[in-house]
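Chemist: Handing you a structure now.
The values are calculated or read from the model by the stated rules, or taken from the named source; none is laboratory data. The model shown is predicted, which means the values in this text are computed figures rather than measured ones. With ideal geometry, Cβ positions are generated from the backbone for all residues, glycine too; neighbour counts draw on all protein chains shown.
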Amino acid sequence: MHLKTYNFNEMKYKTEILFLSFLMLLYTASAQPEQDKALLNGFHSISSHEILGFVEELSSEKYKGRLSGSPEYLEAAKWCADKFSEWGILPANKGSYFQRFPNAFTEVYSTGSLSYSFDSKETQYSFPDDYFPGSNSASGTVTGELVYVGFGITALELGYDSYENVDVKGKIVILESGVPYTKNDTVQVKWTPYAYHRYKLENALAHGAAGLLYAGKTANPNTIHLENFIYAHIDKKVVQQLFSDSGKNYDEVKKKLGTMEPFSFALNTGQQVTISAETKHFPMAESCNVVGVIEGSDPVLKDEVIIVGGHLDGQGYLGETFPGALDNGSGVADILGAAKALAQSDVKPKRSVLFILFGGEECGLYGSKYYVSNLLFPVDKTLMMINLDMVGNGTGFFVSNGKTFPGLFRHFEQVNKNYLHREMKASEQRKNYGRPRSDASIFENAGIATFSLWTSNSVHPVYYHHPLDKTDVLTPEIMEDAAKLIYLGVLGVANDENL
Ligand SMILES: [Zn+2]
C-alpha cells in the first residue's frame, strides 16, 4: 500500500471532486431512469398483435403476392409509405418516399396446365402439388418430347457443355438450377455467369428448345421473358415419373451431376409433355423502393446513417396468390414495428436512421442494386446496414457477419441479453464467390458493414416460394422480439459516440 500525507490544496481538490461526483450522481440518478423509462416505453409499445396485422395486410389478396413492377406491388408500397408518413418518418428521396427503377414483369392469369402422355396413358398434373407455371413464361401451349440437359450450361472455356451430345431442337428440356462447381472459391467466379436462371433459359432457346421444365418446384420471378418460350417448374416426383418411364433412376442421375462431366440424354420417344400458360409481359414497367428517414438529433452525427432494410416484393400470383408472409412480409412488418417505435420514442437517435423496403429482390435484387448506385447517404457515412429477410418463424435469431463487426454487434447482443433472452448466434463474414443471393450481399459488396438477421429453430414448416407461405406459419412472438431488437439495437448504435 502506498502511504502519503495530504496537503491542504490536495484536500480541497479532493473535496471538489467529491462534490462534483455527488452532483453527477444526482444528475444520473434523475436523468438515467428518465432515459431508461423513455427507452422502455418505446420497447413496450411494440406489439406482436400489431406486427402480425402488418403481415396480414401485406399478404392479403388485394396485393396479389406483391410482384415487383405490378400495380398491386405499387399499392403495397404506397400503403407502407402512408404508414411512414402517419408516424412522422420523413420521405428520404428529395421529398419522396419512393426510389423508382425499371422493372419488367409478367402477369400470370391462371395456373395454366401441364400434361403428360406415354404408352397411351394420359396424366394431368395438378397445381400446386405437381407444378408451378413459370413466372416469366410466354403465353400459349407447347408440346414436345423430352431431353434432360442437367445444368443446361454451355461453358466452352471451362470445357463444359450440357448440350454437346444431345439434339434439343423442337424438344422440351428438363434442367436443374445451379452449377457443377460447388466450392466457394475463386474458381467459382468463372461459373457465376452460368448460375443465372435467365442465362439457362436463353441457352436452351439458343439450342432450339421449344419449351422448358425446371426440375424443382420453386416460384421464381428471377428469370426472363423470351418470346414464345413457355416453361414451368415441376416437382421432384414428376421428374422421377418421367425418368422411370425411360428406365432411368433420377436419384442416380443427380449423383452424376456433381462429377463435373455433363450428363445429358433424350428420354424415350413417345414420352410427350404439354405445357400451357396464360401470361402477358410488361417490358416497360417500373417498380420502387420505399425510403423513409428519421433524421439524427445531433448536428454533426446526423450526417451518418444506419440503414434498416428488407424486401417488400414477393413472387406474385401464378393463378393463385403466393402471399409471401414469411418471405418477406415478416421482415417488412418487423421493420415497420421498429420504425414506428423509433419515430415515436422520446429517446432520439443522434445518427440518422434510414428505412428501405426494397422492390425487385425476387426479380434479381433490382432495388438494392439501384440503391447502391443511387445512394441517399455516402458509403463512408453509412455506419451499417441490417437486412431482414424471413424473420418470423422460430424461437432464435441468427445474425450473419455479427462476429466481423463486434463494435456494432455488441449493441444487438446486449439488447438480447438484457431484454429478450433468445438464442442468438452470429457468424464471421465470408466472401461469396457465387451469384449474390440477397439484398444484404449487394450492400456488403458496396463496402458497407452489413448484417443479415433471420430467425432460427423454425416452429412451423417453411413454405419457401409456395402458395402456403401464409400468416399461419408465422410465430408472432419472435416478430415482436425482432422489432424490439431493431428498435433498441439501432438506438444503441445511433447513440454510441465511440463508433
Ligand atoms: Zn426473401
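Chemist: Could you list all residues from the stretch 200-217 that are surrounded by fewer than 18 Cβ atoms within 10 Å (Cβ to Cβ) and either in contact with a Cys (Cβ under 6 Å, 6 or more places away or on another chain) or closer than 20 Å to His465 by Cβ (or both)? I'd like the intermediate steps shown before the answer.
Modeler: The first filter runs over the stretch 200-217 and keeps only residues surrounded by fewer than 18 Cβ atoms within 10 Å (Cβ to Cβ), leaving 202, 206, 208, 216.
The answer is Gly216, and nothing else.
Chemist: Could you grab the pairs with beta carbons closer than 9 Å, sequence gap of 6+ or different chains, first residue in the stretch 98-109 and small (Gly, Ala, Ser), second one modelled with pLDDT of 95 or more and in a strand (DSSP E or B)?
Modeler: Close Cβ pairs (under 9 Å, with a partner that is modelled with pLDDT of 95 or more and in a strand (DSSP E or B)) amount to Ala104/His281; Ala104/Phe282.
Chemist: What about Arg437, is it within 15 Å of the ligand (Cβ to nearest atom) and either in contact (Cβ under 8 Å) with a residue 24 or more places away in the chain or more than 20 Å from Tyr487 (Cβ to Cβ) (or both)?
Modeler: On the way: within 15 Å of the ligand (Cβ to nearest atom): yes; either in contact (Cβ under 8 Å) with a residue 24 or more places away in the chain or more than 20 Å from Tyr487 (Cβ to Cβ) (or both): yes.
Here the answer is yes, as Arg437 does meet what is asked.
Chemist: Return the only residue of Lys190, Lys183 being touching a helix residue (DSSP H, G or I) at 6+ places or on another chain (Cβ under 8 Å) and surrounded by fewer than 20 Cβ atoms within 10 Å (Cβ to Cβ). Outline the logic, then answer.
Modeler: Details: Lys183 fails: touching a helix residue (DSSP H, G or I) at 6+ places or on another chain (Cβ under 8 Å).
Result: Lys190 is the single residue among Lys190, Lys183 that is touching a helix residue (DSSP H, G or I) at 6+ places or on another chain (Cβ under 8 Å) and surrounded by fewer than 20 Cβ atoms within 10 Å (Cβ to Cβ).
Chemist: Looking only at residues in the stretch 250-266 that are in a loop (DSSP other than H, G, I, E, B) and hydroxyl-bearing (Ser, Thr, Tyr), which one is surrounded by the most Cβ atoms within 10 Å (Cβ to Cβ)?
Modeler: Applying the first criterion (in a loop (DSSP other than H, G, I, E, B)) to the stretch 250-266 yields 258-264.
Then keep just the ones that are hydroxyl-bearing (Ser, Thr, Tyr); that gives 259, 264.
On the way: Thr259: 9, Ser264: 20.
The qualifying residue surrounded by the most Cβ atoms within 10 Å (Cβ to Cβ) is Ser264.
Chemist: Let me ask another. Looking at Glu428, Glu413, which one is surrounded by fewer than 21 Cβ atoms within 10 Å (Cβ to Cβ), in contact with a Lys or Arg (Cβ under 6 Å, 6 or more places away or on another chain) and outside any strand (DSSP E or B)? Outline the logic, then answer.
Modeler: On the way: Glu413 fails: in contact with a Lys or Arg (Cβ under 6 Å, 6 or more places away or on another chain).
None of the other options fit; the residue is Glu428.
Chemist: Search the stretch 267-287 for residues being among the hydrophobic types (A, V, I, L, M, F, W, C) and surrounded by fewer than 17 Cβ atoms within 10 Å (Cβ to Cβ), and hand back the single one that is nearest to Ser115 (Cα to Cα). Can you show your working first?
Modeler: So in the stretch 267-287, the residues among the hydrophobic types (A, V, I, L, M, F, W, C) come out as 267, 273, 275, 277, 282, 284-285.
If we keep only those that are surrounded by fewer than 17 Cβ atoms within 10 Å (Cβ to Cβ) as well, we get 282, 284.
Working: Phe282: 28, Met284: 33 Å.
If we take residues in the stretch 267-287 being among the hydrophobic types (A, V, I, L, M, F, W, C) and surrounded by fewer than 17 Cβ atoms within 10 Å (Cβ to Cβ), then Phe282 is nearest to Ser115 (Cα to Cα).
Chemist: Moving on to the next point. I'm trying to understand the selection: among the residues of the stretch 41-96, which are assigned to a helix (DSSP H, G or I) and among the hydroxyl-bearing types (Ser, Thr, Tyr)? If you could, list the steps in order and put the result at the bottom.
Modeler: Pass one, the stretch 41-96, residues assigned to a helix (DSSP H, G or I): 41-45, 48-58, 61-63, 71-86.
Selection gives Ser45, Ser48, Tyr63, Tyr73, Ser85.
Chemist: If you don't mind, there's one more thing I want to ask. Answer yes if at least one residue in the stretch 420-434 is under 25 Å from Gly314 (Cα atoms), assigned by TED's automatic domain parsing to the domain that holds Gly359 and modelled with pLDDT under 95, and no otherwise.
Modeler: Yes: the stretch 420-434 contains one or more residues that are under 25 Å from Gly314 (Cα atoms), assigned by TED's automatic domain parsing to the domain that holds Gly359 and modelled with pLDDT under 95.
Chemist: Additional query: So, Leu326, is that one among the aliphatic types (A, V, I, L, M), within 23 Å of the chain's Cα centre (by Cα) and within 16 Å of the ligand (Cβ to nearest atom) or not? Even if it seems obvious, please write down each step before you answer.
Modeler: Working: among the aliphatic types (A, V, I, L, M): yes; within 23 Å of the chain's Cα centre (by Cα): yes; within 16 Å of the ligand (Cβ to nearest atom): yes.
In short, yes.
Here's the yes/no breakdown for (1) within 30 Å of Phe54 (Cα to Cα); (2) of a type outside the set (Phe, Trp, Tyr); (3) not assigned by TED's automatic domain parsing to the domain that holds Gly69:
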residue	(1), (2), (3)
Ser276	no, yes, yes
Gly292	yes, yes, no
Pro299	no, yes, no
Gln315	yes, yes, no
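Chemist: Which of the strands (runs of 3 or more DSSP E) contained wholly in the stretch 121-225 include at least 3 residues that are farther than 21 Å from Gly434 by Cβ and among the polar types (S, T, N, Q)? Full working, then the answer.
Modeler: On the way: elements: 121-124, 131-133, 140-148, 172-175, 211-215.
Counting at least 3 such residues, we get no strands (runs of 3 or more DSSP E) at all.
Chemist: Filter the stretch 305-343 for residues that are among the polar types (S, T, N, Q) and more than 15 Å from Asp439 (Cα to Cα) and give the result. Walk me through it before giving the result.
Modeler: Keep residues of the stretch 305-343 that are among the polar types (S, T, N, Q), which gives 315, 321, 328, 330.
Across the stretch 305-343, the qualifying residues are Gln315, Thr321, Ser330.
Matching residues to (1) within 16 Å of the ligand (Cβ to nearest atom); (2) surrounded by fewer than 19 Cβ atoms within 10 Å (Cβ to Cβ); (3) more than 29 Å from Gly88 (Cα to Cα); (4) of a type outside the set (Asp, Glu):
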residue	(1), (2), (3), (4)
Phe355	no, no, no, yes
Phe358	yes, no, no, yes
Leu365	yes, no, no, yes
Thr382	no, no, no, yes
Leu388	yes, no, no, yes
Gly392	yes, no, no, yes
Ser400	yes, no, yes, yes
